[in-house]
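Novice: Pasting in a structure now, in structure tokens, and then I'll have a few things to ask.
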Amino acid sequence: MTQTTRFVARHSRAIARLLLSVAACALTSVVQADPGDFQTMPGLWKITLRSVAKDHAPPTQVKWKCLYDGGDPWTTFVDTMAPDAACQRSNEHRASTALAWQIHCGTRSGQGRITLDSPQHYTGDVALGGHQVLQVEGARVAACTSPSD
């Protein structure tokens, strides 16, 4: 038996633990943030929608929405971005700093996205048929003071 073989035989459990620890660390670094932990601050948000379509929609709309601690960012931020009341959202993807989805409006389909650049600000857009139809910008402006906000 060589010296190396004796060393491995004597310390095999320690070596196995070390290898398992290294593998666990490598796998942990690949895992992304909890997608349920959308990194926005609760409060009153000013959401500015800019229509880029050439139809009869008003060019700019401002909506005010409260996001409560643990609130659903889909209903607070994304539902305001439907280009039309008949549009349906599907294939939703949620990360800590982004929301993305597919959208179907009658015969037209496309995608939407929101990206946070800080916990108090985001930008996004909606495209149908490969053409951008809506731009959005959201900014947290204050705390919500009551459930009716």
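All of the numbers you see were taken from the coordinates with simple rules; none came from a lab. Computed from a predicted model, the values in this text were never measured in an experiment. Cβ coordinates were reconstructed from backbone atoms using ideal geometry, including for glycine residues, and neighbour counts include every protein chain displayed.
Novice: Go through the residues of the stretch 103-124 one by one and say whether even a single one is acidic (Asp, Glu), assigned to a strand (DSSP E or B) and without any contact (Cβ under 8 Å) to a residue 40 or more places away in the chain.
Specialist: Filtering the stretch 103-124 down to residues acidic (Asp, Glu) leaves 117.
Still in the running and assigned to a strand (DSSP E or B): 117.
From what's left, without any contact (Cβ under 8 Å) to a residue 40 or more places away in the chain: 117.
Yes, the stretch 103-124 contains at least one residue that is acidic (Asp, Glu), assigned to a strand (DSSP E or B) and without any contact (Cβ under 8 Å) to a residue 40 or more places away in the chain.
Novice: Are there any pairs with C-beta distances below 9 angstrom linking a residue in the stretch 74-93 that is closer than 16 Å to residue 137 by Cα and without any contact (Cβ under 8 Å) to a residue 40 or more places away in the chain to a residue that is in a strand (DSSP E or B) and acidic (Asp, Glu), with the two at least 6 apart or on different chains, and if so which?
Specialist: Listed by first residue and then by second, the contacts come to 74/92; 78/92.
Novice: Can I ask one more? Output the number of residues of the stretch 94-111 satisfying the condition of being under 30 Å from residue 142 (Cβ atoms) and in contact with an Asp or Glu (Cβ under 7 Å, 6 or more places away or on another chain).
Specialist: 2
Novice: On to the next question. Going through the stretch 103-149 one residue at a time, which ones are closer than 15 Å to residue 73 by Cβ, surrounded by fewer than 16 Cβ atoms within 10 Å (Cβ to Cβ) and small (Gly, Ala, Ser)?
Specialist: Those that are closer than 15 Å to residue 73 by Cβ, surrounded by fewer than 16 Cβ atoms within 10 Å (Cβ to Cβ) and small (Gly, Ala, Ser): 118, 139.
Novice: Looking at the stretch 66-102 only, could you name the residues that are in a strand (DSSP E or B) and either charged (D, E, K, R) or surrounded by 18 or more Cβ atoms within 10 Å (Cβ to Cβ) (or both)? It would help to see each step written out before you state the result.
Specialist: Let us first name the residues in the stretch 66-102 that are in a strand (DSSP E or B), namely 66-67, 88-94, 98-102.
Those that are in a strand (DSSP E or B) and either charged (D, E, K, R) or surrounded by 18 or more Cβ atoms within 10 Å (Cβ to Cβ) (or both): 66, 67, 89, 92, 94, 99, 101.
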